[in-house]
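Structure record follows, encoded as structure tokens.
Read the figures in this text as sums done on the coordinates, not as results from a lab. Since this is a predicted model, take the numbers as computed values, not measurements. All Cβ positions, glycine included, derive from the backbone under ideal geometry; neighbour counts span all protein chains shown.
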Amino acid sequence: MTVQQKQPLTIVLAAPRGFCAGVDRAIQIVEQALEKWGAPVFVRHEIVHNRYVVESLEAKGAVFVEELDECPVDRPVVFSAHGVPKSVPAEAARREMIYVDATCPLVSKVHLEAERHHRQGRHIVLIGHAGHPEVIGTMGQLPDGVISLVEDEAQAETFAPPPSTGGLAFVTQTTLSVDDTARIVEVLRRRFPEVAAPKKEDICYATTNRQEAVKAIAPQVDAMLVIGAPNSSNSKRLVEVGKVAGCIDSHLIQKAADLDMARLAGVRRLGITAGASAPEVLVEQVIQACRMHFSVTVEEVEVAREDVRFKLPRAVAPT
């Protein structure tokens, strides 16, 4: 087929998209650990939720494990960007292991907030998704029973604080839908007007910006691709946001090989974004795959500029 015969396709790129500062920092921590201590460096859980990133680090000598007891005591271990329960570094210290915590500073902020509320005698409501590593890590900062998980509006309506509660506070997972979370908070505030809120919103800047970008382009495209992992909370939220914002045909793909070109046959304008743990190279590969089948024009819609950078922990900071 000649270039002239290709169907025209306008790709509308969301900006910002892809890596956030916390993900970038976590990947650098593993790379710097490999440089400092050599391979292998062990990583508890996926450092970020993206197979491309994980496999790239594996190729450099990182070994990913589920639990600390799979790590030898004589090799360094890195904790993932999602955060870990306090019991994990405590166990690493007990075993006299070298460990580096790659928890995103914005997740650490939520941990500190929860501890502050606990010290002040409040019971804590954590808005988040059960089983997500970030939720497990946040709940693991404090003793059992002092944090209650609320996942949706229905649970917020039926939540009952423990009888001895000396006040109530809420914190949230950092990668939630901004709009869904606002509705859950609305229910909590209606039922418990004195509930203490975070001083600054817990949902991170990157999650918010990526959702705003999707809202901006969804009404003007026929289909939307979100590049990200199926276990990535922020990526799945982008698909949901796209559908609610006007693009019903929004779906998640991990890489260019997942593209169903037949599905794009009638599409004239295609929105593309990437979750906060997806590298830009995956976006470029998807665009390149589209160029093989369509006559592609690329537009970009930018809703915010990001210049956030987080320092590396002293243990792995370049000297």
Distance between region 21-46 and region 232-269 - C-alpha centres, whole angstrom: 31
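Past 22 Å, Cα to Cα, is the threshold; run LYS215/LYS236; LYS36/LYS311; LYS215/LYS311; LYS109/LYS311; LYS109/LYS199 against it and keep the listed order.
Cα-Cα > 22 Å for LYS215/LYS311; rest within.
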Ranked list, fewest to most other Cβ atoms within 10 Å of each Cβ, for ASP202, ASP69, ASP249, ASP307: ASP307, ASP69, ASP249, ASP202
Region 105-191 - Kirkwood radius from inverse mean 1/r over Cα pairs (Å): 13.0
Rounded, prolate or oblate (a/c below 1.5 giving rounded, otherwise prolate when a/b exceeds b/c) for region 5-148 by Cα gyration tensor: oblate
Where GluC sites (Glu not before Pro) in DSSP loops with at most 16 other Cβ within 10 Å are excluded, longest remaining stretch of the chain: 202-305
Identified option (computed Rg and Dmax of the Cα atoms in Å; candidates (1) 18.1, 60; (2) 21.2, 74; (3) 24.1, 88): (2)
Under 16 Å from the ARG95 label point (7 Å along Cα→beta-carbon), backbone N, region 42-84: 42-46, 63-80, 84
Cα convex hull of region 170-319, projected area averaged across orientations, nm²: 12.0
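Sort region 71-144 into rounded, prolate or oblate with this rule: let a ≥ b ≥ c be the square roots of the eigenvalues of the Cα gyration tensor; rounded if a/c is under 1.5, and if a/c is not under 1.5, prolate when a/b is larger than b/c, oblate otherwise. Don't skip to the end; give the middle numbers.
Details: a/c = 2.33, a/b = 1.84, b/c = 1.26.
Cα axes put region 71-144 in the prolate bin.
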Inter-site label distance for GLU240 and ARG263 at 7 Å from Cα along Cβ, in nm: 1.9
Within the chain, helix-based [θ] at 222 nm, where runs of 4 or more DSSP H residues each add -39,500 (n - 2.57), nearest 500: -11000 deg cm²/dmol
Contact order relative to length of region 21-101, as percent, for alpha carbon pairs under 8 angstrom and 6 or more apart: 32
Gain upon complete extension [ASP307, ASN231; 0.36 nm per residue less C-alpha separation]: 24.7 nm
Cα-centre dipole for region 21-101 with unit charges at Cβ (Lys and Arg positive, Asp and Glu negative), debye to 20: 180
